[in-house]
Structures are given as C-alpha cells and as structure tokens.
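> I'd like to ask some things about the structure below.
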Amino acid sequence: MGAPEWWWSTWRGLAVAATAACLLLHVAARVADALWWRPRRLEAHFARQGVRGPPYRFLVGCVREMVALMADATAKPMSPPTSHNALPRVLAFYHYWRKIYGPTFLIWFGPTPRLTVADPELVREIFLTRADAFDRYEAHPIVRQLEGDGLVSLHGDKWALHRRVLAPAFYPDNLNRLVPHVGRSVAALAERWRAMARASGGEVEVDVAEWFQAVAEEAITRATFGRSYASGRVVFRMQGRLMAFASEAFRKVLVPGYRFLPTKKNRMSWALDREIRRGLVQLIGRRSDAAEDHEAAAKDKGNSGGGFRDLLGLMINARDKRSQPMPVEEMVEECKTFFFAGKQTTTNLLTWATVLLAMHPDWQDRARQEVLAVCGPGELPTKEQLHKLKTVGMILNETLRLYPPAVATIRRAKVDVALGDLAIPRDTELLIPIMAIHHDPGLWGPDAAQFNPARFAGGAARAAAHPLAFIPFGLGARMCIGQNLALLEAKLTVAVLLQRFEMRPSPKYVHAPTVLMLLHPQYGAPVIFRPSPVAAPAVRVDPR
Ligand code: HEM
C-alpha cells in the first residue's frame, strides 16, 4: 500500500468513527433531553406560573407513587361501609396530591407531563371554547386493540364523517323503536330472578354486575346490527370473551411486551380477534347485498323493530365527499368500538343505580310509587311512560354524579395554548378528573358525598353551583354519542325491576368502588331481590 492510500483509509476510518460518535452523542443528548432536561424545564415553566406537583423522577415520573397510593387505597373497603365519599379510594393519587398542591397540579406519566384540571371554567375552555387546540389522547395499545379504531380514537375529517354518519342511530325517535326489545330482555331477566326466588324460598341473591351485562349486550347488539341481530349476536359474544381476556392482560401492562408473548391466553385472544373480524366481514358482505337488504327491510316492516336505523346499515349506505363508500375495515373497527364503548359503561351505570336503590330504601319506595303510578304494576313501560319518570331520572343522574363509569378523561395540547391564565406547552396532557368535579363540595355543597337525587329536581344544569359541574358523558363535540341509549336502557331497566321487586344489599356486599378502565365494584355487587306482592303478569320472552 502506497503512502497516500494508507493516509486515505486511515482518514476514512477516523471520519466514520467520528460520525458514529457524533450520532451517538446526538442520540444520547436527545434521550437525555427527553428523559431529564425537558421534564425539568417544564417543571420550572409550570412552577413559575404557580403550578406545582410531585417531583419528576428519571424515566418513571411519579408512576411509582401513584401505583402505591392506589394500591393502598384499594386494600381496604369504604369506611363507613355506607359512605359515598368514594373519591379518596377511586382516585387516591388525585385526592392526596390535590390536598398538597391545590386543584390544578402537575403529575408525570413517565416523562410525559399531565396537568390535572378540575375547575369547570377551565374544563369549558378545553372542551368548548378552545377545543381546536386539544386532541383526544391515544389510549394504551391493549385498550386500543379492544376499543377498535372507531369513533373513540379517530381524529380530523375521518372522525367528523363517522360521527355524522352514525349520529342518526342515536336520535331519540330512532332509539324509541328499541324500547320493546330492551324491555323484553329486562323482563326475561326479571322472570328468571323470580323463578330463582320461588325455588329458594321467596328471595334471590344475584350479582347484578354480572347479570346486567346481558341487558347491555342485548341493547348494543340491537343498536349495531338491527335486523341482522342474530348473526351480530354471535360475533359480539366472541367480542365479550375477548374483552374478558384483554382486561386480564390490562392488569399486566407494566410487564413490557406482555401482549406480544405467545401465552395460552394471548394466543386465544389473537384467534378470537381473527374470528370476530371474519364474522363481521361476512355479515357486512351479506348486508351490502342490496337484494337481501331490500328483502329484509320488507320483512322487517311487520316487525316491532321496523324502521330502526342501525349502525351497520348507516355505515353501509354512507358516502364521503367524493361519493366513496366506507371501507369494510372501518366498519369492522366501528362495530368493535361500539361494543366496547357501549357495553361495560352501561352495565356499570345499571349496577351502581341498583346498588344505590338497595342502599336507600326511602328513594327506592319513592321511585317505585312513581313507576307504579305511571306504568302500572306489570306491563312493559312504553316510550311515552319512560319520559314521565322524573324521580327515576333524578336517581340516575345522582348515580352518574357519585359513581361516573368514566372517572376521568384526557386531552393533549396540539399546540402551545393559553388555558385561563396558564401557558400550556404543546404535547402537555390534561387530565380532567370527572369524578373529582362531581364530588367537589365547592360546587355541590356540604352534602356533596351524600346520595341526594333531589338536587337534580330543577335539571342537571342547575344542580350545582356551575352548569358544567356534571359531565358524566363528557362535553363538546366529542361528547358521548351513546348517552341517549344508555339513559333509555337504564330508565327501562330500573322501572321494570321496581315494578317487580323490592331490593336490598346482600350481607355479602362489600362497598368498594374501584377503577380498572371504568368504575366498578371491586368485589362484585350482590343484591337481594324479593318479588313484589303485586305479581307482574308474565311477559312474552323473546325466544331468540
Ligand atoms: C353510562 C353509560 C356511558 C357513559 C358514562 C359514557 C361516557 C362517555 C364519555 C365520558 C365520553 C367522552 C370521552 C372523552 O371526551 O374523552 C364518551 C364517548 C363515547 N361514547 Fe360513551 N358512555 C356511555 C355509554 C355509551 C354507549 C351506550 C355507547 C354506544 C352505544 C357509547 C359510545 C361512545 C363513543 C363512540 C364515544 C366517542 C365519541 C366521539 O369521540 O365522537 N357510550 N362516553
């Protein structure tokens, strides 16, 4: 090798090494900035504005303290056992840090800053007046896999198109057509409980958190598939099993990569997911066949569900601005989303409403008197009668206030934005603790932790010191699309049960509200049902 060649190759080697070192340094600097300097800068930025919080710890933020606070709170049941002061148990970290840092404070999910905001005026800005500056937050991949890539997680034009297409299914006149179907499924449940009570000497104990799932599943299956109910039910049964697996996996999210491990449960989930997808694609294919749709529609005319606009039909007939139909894959994801968003939320509302009625016999009696006066003792309530059940409506609102199924929601600042007096940097997450707003004595008065449905006598907007203090279904453009369906189901179910039973908590019931995605009773909700002396005439049970 000649001298210049030798020099050249040495120089090239040095240049490569120097570039690699620079690159490494650059990456290391970026990582150090993301995991250390940026959080410290943000901490200082918020401290200058008077916002403080638990200190940021390298990589983990304050997740360790949060997990410890939550584990500690859920280790013991509510005390006293009849108390509704559930916030310290359910959102233990919020309750603890709020006492130290005030209502607006900063916490860290790993290196991601999350500002908690519980002032209804700021909530108004986030959801209404400055909504353009905030986006919905991306859920954990396990939750996303479960909830589907539908309305809940869509953004921008695609979200707007889907929301516009799907909204008509939830108009009250459309939902009213579901009343006989949902009523029959609740009556069938009541018949089974009545038979079980007869067989066991006069009363029966059931875990309502388990049993109400069938009612909620029936309603969401009807709303999604309408006339294709029978095939849709098969698919949604599988989806129910998938949800059970995934909620187990969700408990293990702290094990990195757990969801990719080929464990027996994971393999079963993957197989179920493929099966659900296949079932939905086949169902959509059949419904898209205009001839069959036409024929089914004609058949449906003589049915009590006649004219119901179901979610699947709305999607099949939808066209975008360029007259393009909705891709099958998007319809599949929406079906999964509706099952996820609609089933457990409503089950939880029904569960807490029944537990509260059992715990408060005075309100149970008042509500029963109203139901008997409006609907009579045994016939299924009609849509017109449901609208007249004011006390039942107040009880449901008070249930949603004290035990909101969705205890919090999260937004992300898309740009640097002003919120009240605060300057919020882009990518800051905002945690809106719905349950904390619902329990705030500053908004609800000194009896904020008491069950007092009478506070809703003048309507939800006037129940508290601020009209936005009650937001169980969220607020603004992304407010819950299924609100009317959930309330209709709940009113109907409560009315049918009050017609037919007296209820009280089982001695086995341990009052322990807790949150795993949604607010649920940690040890189930066993309630004792005693059939009312006025026997309800048997209602024909839908054989399907
Ligand atoms: C008691 C029952 C329910 C409660 C408490 C509830 C609560 C909520 C809340 C708080 C949000 C807003 C989340 C946010 O802004 O981040 C939401 C959104 C949503 N809910 Fe519900 N929900 C219930 C029932 C239902 C039902 C029955 C369905 C479907 C049939 C449904 C479908 C949805 C969907 C699709 C969204 C996303 C809407 C969008 O982003 O445009 N929910 N729900």
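> Dipole of region 357-470, Cα-centred, from +1 at each Lys and Arg C-beta and -1 at each Asp and Glu C-beta, to the nearest 20 debye?
Dipole of region 357-470, to the nearest 20 debye: 240 debye.
> Report the local net charge at Ala131: Lys and Arg +1, Asp and Glu -1, summed over other residues whose C-beta lies under 12 Å from its C-beta.
+3
> Arrange the following residues from fewest to most other Cβ atoms within 10 Å of their Cβ: Asp207, Asp132, Asp440.
Asp132, Asp207, Asp440
> In terms of Cα to Cα distance under 28 Å, which lysines are near enough to Lys508, apart from those fewer than 8 places away along the same chain?
Filter leaves Lys76, Lys343, Lys491.
> Can you give the charge dipole size of region 1-81 about its Cα centre, rounded to the nearest 20 debye, using +1 on the beta carbon of Lys and Arg and -1 on the beta carbon of Asp and Glu?
So the dipole magnitude of region 1-81 works out to roughly 300 debye.
> Mind checking the angle between helix 483-500 and the chain's longest principal axis? C-alpha axes, 0 to 90 degrees, to the nearest 10.
Compared with the principal axis, the helix lies near 40 degrees.
> Sequence neighbours fewer than 8 away in the same chain don't count; with that in mind, list the aspartates and glutamates whose C-alpha is under 12 Å from Lys383.
Here the aspartates and glutamates satisfying the reach criterion relative to Lys383 are Asp173, Glu489.
> For the chain, what's the relative contact order in percent, using C-alpha pairs closer than 8 Å and at least 6 residues apart?
23
> Across region 502-509, in residue order, what do the Karplus-derived ³J(HN,Hα) couplings come to in whole Hz, using 6.51 cos²θ - 1.76 cosθ + 1.60 with θ = phi - 60° and x for Gly and Pro?
Values per residue, Gly and Pro as x: 9, 10, 8, x, 5, x, 7, 5 Hz.
> Once phi is turned into θ = phi - 60°, what whole-Hz ³J(HN,Hα) does the Karplus curve with 6.51, -1.76 and 1.60 give for every residue of region 272-281, x standing for Gly and Pro?
With coefficients 6.51, -1.76 and 1.60, one gets 4, 4, 5, 5, 4, 4, 4, x, 5, 4 Hz.
> Let me ask you something else. Which of the GluC sites (Glu not before Pro) across region 314-398 are loop residues per DSSP, with 15 or fewer other Cβ within 10 Å?
Glu379
> Which aspartates and glutamates have a Cα less than 16 Å from the Cα of Lys321, not counting those fewer than 8 places away in the same chain?
Asp157
> Tell me, Trp211, Trp6 in order of fewest to most beta-carbon neighbours within 10 Å?
Fewest-to-most ranking of Trp211, Trp6: Trp6, Trp211.
> Then there's this: Can you give the Kirkwood hydrodynamic radius for the chain, in Å, rounded to one decimal and based on Cα pairs?
Evaluated over the chain, this radius sits at 25.7 Å.
> Would you compute, from DSSP H runs of 4+ residues alone, the mean residue ellipticity of the chain at 222 nm, taking -39500 (n - 2.57) per run and dividing by the full residue count, rounded to the nearest 500?
-17000 deg cm²/dmol
> OK, next. Sort 125-131, 145-151, 27-33, 214-220 for me by packing, meaning the mean count of neighbouring Cβ atoms within 10 Å per residue, highest on top.
214-220, 145-151, 125-131, 27-33
> Going by a ≥ b ≥ c, the root eigenvalues of the Cα gyration tensor, does region 106-162 fall in the rounded group (a/c under 1.5), the prolate group (a/b larger than b/c) or the oblate group?
It is oblate, given that a/c is not under 1.5 and a/b is not larger than b/c.
> Still on this model: Give the angle, between 0 and 90 degrees and rounded to the nearest 10, that separates the Cα long axis of helix 179-199 from the longest principal axis of the Cα atoms of the chain.
Compared with the principal axis, the helix lies near 70 degrees.
> Need the C-alpha centroid separation for region 56-113 versus region 455-475, integer Å.
Using only Cα atoms, the two centres lie 25 Å from each other.
> Taking the Cβ of each residue in Cys22, Cys375 as the centre, tally the other Cβ atoms inside 10 Å and list the residues starting with the fewest.
The order, fewest Cβ neighbours first, is Cys22, Cys375.
> Mind checking the dipole of the chain: about its Cα centre, +1 per Lys or Arg Cβ, -1 per Asp or Glu Cβ, Debye to the nearest 20?
Once rounded to the nearest 20, the dipole reads 500 debye.
> Among rounded, prolate and oblate, which fits region 5-81 when a ≥ b ≥ c are the square roots of the eigenvalues of its C-alpha gyration tensor, a/c under 1.5 means rounded, and a/b larger than b/c means prolate?
Oblate.
> If you wrap a convex hull around the C-alpha atoms of region 1-152 and split its volume per residue, what is the figure in Å³?
238
Each reported figure results from applying straightforward, stated rules to the coordinates on display, with no laboratory input. Since this is a predicted model, take the numbers as computed values, not measurements. Glycine gets a Cβ as well: all are built from the backbone with ideal geometry, and neighbour counts include every protein chain shown.
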